[in-house]
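Read the structure below first, then the notes.
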Amino acid sequence: MRRLDAALAETRKAKRCQASALQSRAAIGLWRLIAGLWAVSVGMCFADEATNGESRVVYIKPSSAAPGVSSSALAQQAWKAYENKQFDRVMLLTDECSKRFADRARSQQQSLKALPPSDKVFTYAALNDVATCLFIQGKYLHEMGRVTEAKGVFQDIVRDYRFAQCWDTHGWFWKVAGAAQDEINGIDYNVDFGNYTSETLTARAWKAYKAGRHSAVELYVRKCLELYSDAARKMQASLTMYPPHGQEFDYWALNDVATCLYIRGKSLQRQSRNKEAGLVYREIIERYSFAQCWDPSGWFWKIVDEAKRNLAFCS
């Protein structure tokens, strides 16, 4: 009887051990499945591969984005890849965005007659994101020296996505087609708008003028006027005399816009286009009379005085 009880106890113990082992194997299998799914979701999986007797990690990139990804997510990832110089991902992501959302983007473009107001811009996500991804792709191609391809991409944006806008993290929208046209001008005329500040545009206009590059002068001046004329006129309207000493730089837009116009006038004069130059100098006198230009020697000079002096030679 005792032997029988002992045998039954051993049987029950063996069954408990077997059940525990099965549970452990199931748990391990479940964790392996979870780990595998996680690895695929982030675009990599790990495999041990023998190389000279050692193991190494193998990274496997996904062939495309996840099925439910949005155009905005693709555009954000493309910007990040471009900024991080991950150019293979730039092409994968921008091509994927065009493949998935180009038809919808063109439909949204065709529904518009003008730029949508700021409170409606996000309702045209496909239009904005497809154009933005193409812009990123064009920038990448240009940087890689594939200039003809880059120009073609920028031309596609100007032709097909005229009303697309891109959100800037500084808090405003910019026109993608306008930026694409700037890139085309940059390719055709060897100009670079840099960070688009009035200071940068003015400095590069001066440099182009000194080099005798009159087409480049016009592009820099035109861009400065496009971006900062409104601010310059507001600053001019706020003044009844020249700003006090030490406050001149507070009127940066007024100073830079008037300086760019002055450079345009000088460029036109150098090309013997005196009548046009005279019109530019009159614009300075009538609209920007309190503008001043910083001289690298360490002082400000009054732009209107120089405009009047040069106007005398344009009659």
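Which of (1) touching a residue at least 12 places away in the same chain (Cβ under 8 Å); (2) in the same structural domain as Trp294 (by TED's automatic domain parsing); (3) β-branched (Val, Ile, Thr) does Ile157 not meet, given it meets every other one?
Answer for Ile157: the failing condition is (2).
Only residues that are closer than 17 Å to Arg264 by Cβ and among the aliphatic types (A, V, I, L, M): list them for region 291-312, please.
Of region 291-312, the ones closer than 17 Å to Arg264 by Cβ are 291, 293, 303-304, 306-311.
Across region 291-312, the qualifying residues are Ala291, Ile303, Val304, Ala307, Leu311.
Taking the criterion of being surrounded by fewer than 18 Cβ atoms within 10 Å (Cβ to Cβ) and closer than 17 Å to Ile303 by Cα, would at least one residue in region 231-238 satisfy it? Spell out the reasoning first.
Initial filter on region 231-238 (surrounded by fewer than 18 Cβ atoms within 10 Å (Cβ to Cβ)): 231, 233-234, 237-238.
This time we only want the ones that are closer than 17 Å to Ile303 by Cα, so: 233, 237.
Yes, some residue in region 231-238 is surrounded by fewer than 18 Cβ atoms within 10 Å (Cβ to Cβ) and closer than 17 Å to Ile303 by Cα.
Would you say Cys260 is outside any helix (DSSP H, G or I), under 13 Å from Ala205 (Cβ atoms) and modelled with pLDDT of 95 or more? If you could, list the steps in order and put the result at the bottom.
Numbers: outside any helix (DSSP H, G or I): no; under 13 Å from Ala205 (Cβ atoms): yes; modelled with pLDDT of 95 or more: yes.
Taking the combined requirement at face value, the residue does not satisfy it.
Can you report the number of residues in region 265-278 which are farther than 20 Å from Leu254 by Cβ and assigned to a helix (DSSP H, G or I)?
Of all residues in region 265-278, those farther than 20 Å from Leu254 by Cβ come to 267-278.
Narrowing the set further to residues that are assigned to a helix (DSSP H, G or I) leaves 267-270, 274-278.
Residues flagged as farther than 20 Å from Leu254 by Cβ and assigned to a helix (DSSP H, G or I) within region 265-278 amount to 9.
Considering only residues that are modelled with pLDDT under 95 and over 35 Å from the mean Cα position of the chain (by Cα), which ones fall in region 276-297?
Ser297
Taking Thr169 as the residue in question, decide whether it is among the β-branched types (Val, Ile, Thr) and either modelled with pLDDT under 95 or within 27 Å of Phe122 (Cβ to Cβ) (or both). Please lay out each step first, then the result.
Details: among the β-branched types (Val, Ile, Thr): yes; either modelled with pLDDT under 95 or within 27 Å of Phe122 (Cβ to Cβ) (or both): yes.
Against the criterion (among the β-branched types (Val, Ile, Thr) and either modelled with pLDDT under 95 or within 27 Å of Phe122 (Cβ to Cβ) (or both)), Thr169 qualifies.
With (1) surrounded by fewer than 21 Cβ atoms within 10 Å (Cβ to Cβ); (2) within 13 Å of the chain's Cα centre (by Cα) as the list, and Ala75 as the residue in question, which single condition is left unmet?
Of (1) surrounded by fewer than 21 Cβ atoms within 10 Å (Cβ to Cβ); (2) within 13 Å of the chain's Cα centre (by Cα), only one is false for Ala75: (1).
How about region 83-104: which of its residues are part of a helix (DSSP H, G or I) and either basic (Lys, Arg) or under 16 Å from Trp167 (Cβ atoms) (or both)?
Narrowing region 83-104 to residues part of a helix (DSSP H, G or I): 83, 87-104.
Glu83, Arg89, Cys97, Lys99, Arg100, Arg104 - these are the residues of region 83-104 that are part of a helix (DSSP H, G or I) and either basic (Lys, Arg) or under 16 Å from Trp167 (Cβ atoms) (or both).
In region 243-266, which residue that is surrounded by fewer than 24 Cβ atoms within 10 Å (Cβ to Cβ) and among the small types (Gly, Ala, Ser) is farthest from Ala211 (Cα to Cα)?
So, considering only residues that are surrounded by fewer than 24 Cβ atoms within 10 Å (Cβ to Cβ) and among the small types (Gly, Ala, Ser), the one farthest from Ala211 (Cα to Cα) is Gly246.
Return the residue satisfying two criteria in turn: it lies in region 268-315 and is free of Cβ contacts under 8 Å to residues at least 40 places away in the same chain, touching a Ser or Thr at 6+ places or on another chain (Cβ under 9 Å) and of a type in the set (Gly, Ala, Ser), and of such residues it is surrounded by the fewest Cβ atoms within 10 Å (Cβ to Cβ).
Here the answer is Gly278.
What number of residues within region 294-310 are of a type outside the set (Gly, Ala, Ser) and in a helix (DSSP H, G or I)?
So the count comes out to 7.
The values are calculated or read from the model by the stated rules, or taken from the named source; none is laboratory data. Being a predicted model, the structure only gives us computed values, none of them experimental. Neighbour counts are summed over all protein chains in view; Cβ atoms, including those assigned to glycine, are modelled from backbone coordinates with ideal geometry.
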